[in-house]
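Shown next, in structure tokens, is the structure this report addresses.
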Amino acid sequence: MAQAEAQDHGLHGHAEPAQAMAHAEGQQHPIKLYLVVWGWLFILSACSYAVDYFEVQGYLRWGLILTFMMLKAGLIVAVFMHMAWERLALVYVIIVPPLVILVFVAIMVIESRYTEVIRALSFGVGP
């Protein structure tokens, strides 16, 4: 019984022909997908450089640069690192912790501004 189950699961080196062929060839994606992603990466990089070229300043500048950076990183992780084809649980394990860290950073920024205002009001020193 155990030997039959082992053979069914390929534990004795007897993999099924379809599985062995799929494993040997690997996962193939059309070249058009990679060309489209490279095109989007080029467009997003051009937009990021345009922010500097047109001398956008202040929070808008950093918001745009960070947005373009995150979009490019997302494309690279999704396609070139094959994250788009992984199980959803693995995607959550990799994506959720950085998002939680960003939430904590936002909370710290809000808290720091609150502390700055309270200190200015308490001690009479302007920011």
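See the values below:
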{"read-out": "Three-way shape label, the range 50-110, alpha-carbon gyration tensor, a/c 1.5", "value": "oblate"}
{"read-out": "Mean Cβ neighbour count within 10 Å, used as a protection proxy, ranking 94-106, 72-84 highest first", "value": "72-84, 94-106"}
{"read-out": "Full-extension gain in nm, M83 to Y49, via 0.36 nm per residue minus C-alpha separation", "value": "9.5 nm"}
{"read-out": "Estimated FRET transfer efficiency when R0 is 41 angstrom, pair V93-E116 (beta carbons, to 0.05)", "value": "0.70"}
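No value in this document is a laboratory result; all are computed from the given coordinates. Quick caveat: nothing in here was measured; it's all calculated off a predicted structure. Don't worry about glycine lacking a Cβ; one is built from the backbone with ideal geometry, like all the others, and counts go over all protein chains shown.
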